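**Student:** The structure's right below; bear with me while I get my questions together.
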Amino acid sequence: MNEYSDALQQQLANLVQVSWVVLIPLGVLLSLVIYKILMLLQSVYEFWTVARHELSPAMQDLRKTASHVEILTGKAVDSIESVERGVQSATPMFQDGLGRIQQAGASLRSGVFAVLSGFASSFRRS
């Protein structure tokens, strides 16, 4: 039995040595992976901090720009509606003015015709 226990102890010692040979590099690699993960988390945290401080003013500027565009659009629509109302109200005046111009043209033609016929008749009498 003593032989078996010595052989068992020898095999257990070999197993412990082999385990240390495997566990030490595995532990080092695991430590490196954990270190890289922590560095990644730190970089993500820094990115988040910068993004929070930079995106907040950018979003505020974007909101202000959108509100200014909305205000300008409203003013443009109001101006277009005002021009449309002006054109609609000026149309009867233009039509009335055109009618008066036509009447004035007809009156002017008849006046010029009367003056010319008066000159013609005055030269015929002499």
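**Student:** Can you name the condition, by its number, that Val83 falls short on among (1) at pLDDT 90 or above; (2) β-branched (Val, Ile, Thr); (3) open to solvent by 90 Å² or more (accessible area, probe 1.4 Å)?
**Tutor:** Among (1) at pLDDT 90 or above; (2) β-branched (Val, Ile, Thr); (3) open to solvent by 90 Å² or more (accessible area, probe 1.4 Å), the lone unmet condition for Val83 is (1).
**Student:** Looking at Ala7 and the list (1) of a type outside the set (Ser, Thr, Tyr); (2) at pLDDT below 85; (3) open to solvent by 90 Å² or more (accessible area, probe 1.4 Å), which single condition is not satisfied?
**Tutor:** The failed condition is (3).
**Student:** Condition (residue is loosely packed, with under 10 Cβ neighbours inside 10 Å and modelled with pLDDT under 90) applied to the range 45-52: is it met by at least one residue?
**Tutor:** Within the range 45-52, one or more residues are loosely packed, with under 10 Cβ neighbours inside 10 Å and modelled with pLDDT under 90.
**Student:** For Leu38, are the conditions met, namely being of a type in the set (A, V, I, L, M, F, W, C), open to solvent by 100 Å² or more (accessible area, probe 1.4 Å) and assigned to a helix (DSSP H, G or I)?
**Tutor:** Spelling it out, Leu38 is indeed of a type in the set (A, V, I, L, M, F, W, C), open to solvent by 100 Å² or more (accessible area, probe 1.4 Å) and assigned to a helix (DSSP H, G or I).
The values are calculated or read from the model by the stated rules, or taken from the named source; none is laboratory data. Note that the structure is predicted; figures quoted are calculated from it, not measured. Counting neighbours? That spans all protein chains shown, and the Cβs are built from the backbone with ideal geometry, glycine included. Please note that ligands, DNA and RNA were not included when accessible areas were found on the heavy atoms of the full protein model with its side chains. Shrake-Rupley method; radii C 1.70, N 1.55, O 1.52, S 1.80 Å.
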